[in-house]
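*Asks:* Handing you a structure now.
The values are calculated or read from the model by the stated rules, or taken from the named source; none is laboratory data. Here the structure is a predicted model, which means the values were calculated and not measured. FYI the Cβ positions are ideal-geometry reconstructions off the backbone, even for glycines, and counts take in every protein chain you see.
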Amino acid sequence: MNETNLEGAGFMTRAIHAGQEPDQAFGALAVPIYQTSTFCFDSVEDGMAKFDGTKDGYVYSRGGNPTRRALELKMAAIEGGEDCVAAGSGMGAISSVLLTLLAAGDHVIVGDCVYGCTNVVIRDVLPKFGIEVTPVDTADLDAVAAAIRPNTKMVYFETPTNPLMKVTDIAGVKRVAGENIRVVVDNTFAPPPVQRPLACGADIVVHSVTKYLNGHGDVIAGVVVGTADDIAQIRNIGVTKVSGAICAPFDAFLIIRGLQTLGMRVERHCANALAVARYLESVPCVKRVLYPGLESSPYHELVKTQMNGLGTGILSFELADNVNGLSGFEAGKKLLNALRLSHIAVSLGDPASLIQHPASMTHHNVSPEVRAEMGITDGLIRFSAGLEDAEDIIADFKQAFATL
Ligand SMILES: Cc1ncc(COP(=O)(O)O)c(C=O)c1O
């Protein structure tokens with residue numbers, strides 16, 4: 001199957017075939033790992049033509065590499081964008097977008113609840129370069145509209161948010177932002193087949209590929225997907241020159257392998273998270289469960305319309321203020337330490353269930369004041385449902401709750 005007849009193909013078909021033509025040297029079906037820093041030219045003229053772009057080909061692996069290119073083509077097809085650039089981490093991808101597309105004097109609206117390191121880059125680092133930043137709850141479209149200024153160039157947000165699981169109406173934000181303001185969505189928590197921000201009107205999608213896209217907990221990587229023009233700029237400036245945060249060939253190979261089972265994996269992660277969320281809602285010492293797929297969630301309708309009815313594989317919950325004499329935070333610590341199946345670890349989207357404490361782990365580098373402003377309490381716990389049997393995950397929680 002070639003690129004042309006993938007048009008109109010279903011999600012799983014594209015995830016398996018896009019970007020993957022049999023290797024021209026020996027016909028290998030799996031994409032070969034081109035583990036090389038440089039590429040030899042046939043002649044000086046050949047090298048000159050490849051450098052000035054009049055001839056296709058690779059010159060140096062920081063600028064481009066065939067294994068990485070196969071990954072980029074597959075990701076562009078999966079997110080439905082014109083092109084993609086792969087980076088050495090989600091943060092490499094995110095910083096490359098910001099450093100390429102923004103300049104001194106510009107204004108950015110950023111979701112008020114984003115991943116801790118993203119928060120540092122946007123709220124602490126960008127202002128040092130003369131870029132104005134306004135944090136806004138992007139789930140509130142009136143608040144987004146009110147924050148727009150004449151120099152606003154970008155609205156950047158995560159949906160669902162990490163770790164509060166708020167869902168933003170992507171099409172609504174684009175409607176409010178209009179043509180001249182780029183809408184950039186971090187889609188790490190709801191990758192296709194759940195949510196496709198570009199189809200909702202977003203201009204750029206970023207991912208921490210480290211999570212669901214690779215899906216096996218053995219790679220750190222990121223991607224940016226968008227128009228061919230935007231991606232060419234982000235590749236040439238942000239990724240290749242400013243950050244140099246490129247995705248290594250072996251990592252690209254592993255991600256290509258992971259992406260071929262993305263659809264099946266993500267559906268299972270979401271189903272397991274829903275089962276755990278429903279169980280946690282029934283536990284008396286659980287004060288609140290934040291999971292958009294629950295019927296009780298204010299985002300339940302958006303899950304149906306924007307998230308393919310699937311939700312996400314992650315949920316957060318908070319224990320009651322007093323659990324048999326223990327504060328919510330102390331009870332949470334005891335609960336996590338008592339779990340035998342789920343691992344205490346940051347990251348998410350791995351085959352194994354992972355559980356962590358945002359205030360002391362993923363968001364520890366966000367000041368307590370900003371955490372309080374974001375709504376991240378000390379008692380909040382984030383859980384990433386793995387691919388295990390849901391009954392086993394729940395049985396593990398039951399035995400851990402029994403220790404409180
Ligand atoms: C939503 C989100 N975006 C970006 C990142 C950063 O990705 P990476 O760790 O691959 O640099 C993370 C990491 O946890 C994340 O959760």
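*Asks:* Of the residues that make up region 38-58, is at least one part of a strand (DSSP E or B) and either out of contact with any strand residue (DSSP E or B) (no Cβ under 8 Å at 6 or more places or on another chain) or closer than 21 Å to residue 253 by Cβ (or both)?
*Replies:* First, the residues of region 38-58 that are part of a strand (DSSP E or B): 38.
Now narrow it down to the ones that are either out of contact with any strand residue (DSSP E or B) (no Cβ under 8 Å at 6 or more places or on another chain) or closer than 21 Å to residue 253 by Cβ (or both): 38.
Within region 38-58, one or more residues are part of a strand (DSSP E or B) and either out of contact with any strand residue (DSSP E or B) (no Cβ under 8 Å at 6 or more places or on another chain) or closer than 21 Å to residue 253 by Cβ (or both).
*Asks:* Related question: Considering only residues that are modelled with pLDDT under 95 and either under 22 Å from the mean Cα position of the chain (by Cα) or of a type in the set (Gly, Ala, Ser) (or both), which ones fall in region 301-324?
*Replies:* Of everything in region 301-324, just one residue is modelled with pLDDT under 95 and either under 22 Å from the mean Cα position of the chain (by Cα) or of a type in the set (Gly, Ala, Ser) (or both), namely 320.
*Asks:* I need the full set of residues from region 326-351 which are at pLDDT 95 or above, of a type outside the set (S, T, N, Q) and either within 14 Å of the ligand (Cβ to nearest atom) or loosely packed, with under 15 Cβ neighbours inside 10 Å (or both), in order please.
*Replies:* 340, 344, 345, 348, 349, 350, 351 - these are the residues of region 326-351 that are at pLDDT 95 or above, of a type outside the set (S, T, N, Q) and either within 14 Å of the ligand (Cβ to nearest atom) or loosely packed, with under 15 Cβ neighbours inside 10 Å (or both).
*Asks:* On to the next question. Could we say that residue 232 is over 23 Å from residue 77 (Cα atoms), more than 16 Å from the ligand (Cβ to nearest atom) and not in a loop (DSSP other than H, G, I, E, B) here?
*Replies:* Values: over 23 Å from residue 77 (Cα atoms): no; more than 16 Å from the ligand (Cβ to nearest atom): yes; not in a loop (DSSP other than H, G, I, E, B): yes.
No, not satisfied.
*Asks:* Something else about it: For residue 224, work out the one condition from (1) closer than 27 Å to residue 372 by Cβ; (2) within 16 Å of the ligand (Cβ to nearest atom) it doesn't fulfil.
*Replies:* The failed condition is (1).
*Asks:* Considering only residues that are more than 17 Å from residue 214 (Cβ to Cβ), polar (S, T, N, Q) and within 13 Å of the ligand (Cβ to nearest atom), look in region 75-126 and name the one that is nearest to the chain's Cα centre (by Cα).
*Replies:* Per the criteria, the residue is 118.
*Asks:* Identify, from the list 203, 218, the residue that is surrounded by fewer than 24 Cβ atoms within 10 Å (Cβ to Cβ), closer than 25 Å to residue 92 by Cβ and more than 13 Å from the ligand (Cβ to nearest atom). Can you show your working first?
*Replies:* Values: 218 fails: more than 13 Å from the ligand (Cβ to nearest atom).
After applying the criteria, what remains is 203.
*Asks:* Quick check on residue 205: is it in contact with a helix residue (DSSP H, G or I) (Cβ under 6 Å, 6 or more places away or on another chain), outside any helix (DSSP H, G or I), farther than 24 Å from residue 16 by Cα and in contact (Cβ under 8 Å) with a residue 60 or more places away in the chain? Spell out how you get there, then give the answer.
*Replies:* On the way: in contact with a helix residue (DSSP H, G or I) (Cβ under 6 Å, 6 or more places away or on another chain): yes; outside any helix (DSSP H, G or I): yes; farther than 24 Å from residue 16 by Cα: no; in contact (Cβ under 8 Å) with a residue 60 or more places away in the chain: yes.
No, not satisfied.
*Asks:* How about region 362-397: which of its residues are part of a loop (DSSP other than H, G, I, E, B), within 16 Å of the ligand (Cβ to nearest atom) and more than 16 Å from residue 315 (Cβ to Cβ)?
*Replies:* Within region 362-397, 363, 364, 365, 366 qualify.
*Asks:* Need the failing condition index for residue 173 against (1) farther than 27 Å from residue 349 by Cβ; (2) crowded, with 20+ Cβ neighbours inside 10 Å, just the number.
*Replies:* (1)
*Asks:* Okay, next question. Restricting the search to region 226-237, which residues are hydrophobic (A, V, I, L, M, F, W, C) and farther than 14 Å from residue 95 by Cα? Full working, then the answer.
*Replies:* Taking region 226-237 first, the residues hydrophobic (A, V, I, L, M, F, W, C) are 228, 231-232, 234, 237.
Result: 228, 232.
*Asks:* For residue 190, indicate whether it is surrounded by 24 or more Cβ atoms within 10 Å (Cβ to Cβ), away from the ligand (no atom under 13 Å from the Cβ) and either touching a residue at least 24 places away in the same chain (Cβ under 8 Å) or on the phi > 0 side of the Ramachandran plot (or both). Before the answer, list the steps.
*Replies:* Values: surrounded by 24 or more Cβ atoms within 10 Å (Cβ to Cβ): yes; away from the ligand (no atom under 13 Å from the Cβ): no; either touching a residue at least 24 places away in the same chain (Cβ under 8 Å) or on the phi > 0 side of the Ramachandran plot (or both): yes.
Here the answer is no, as residue 190 does not meet what is asked.
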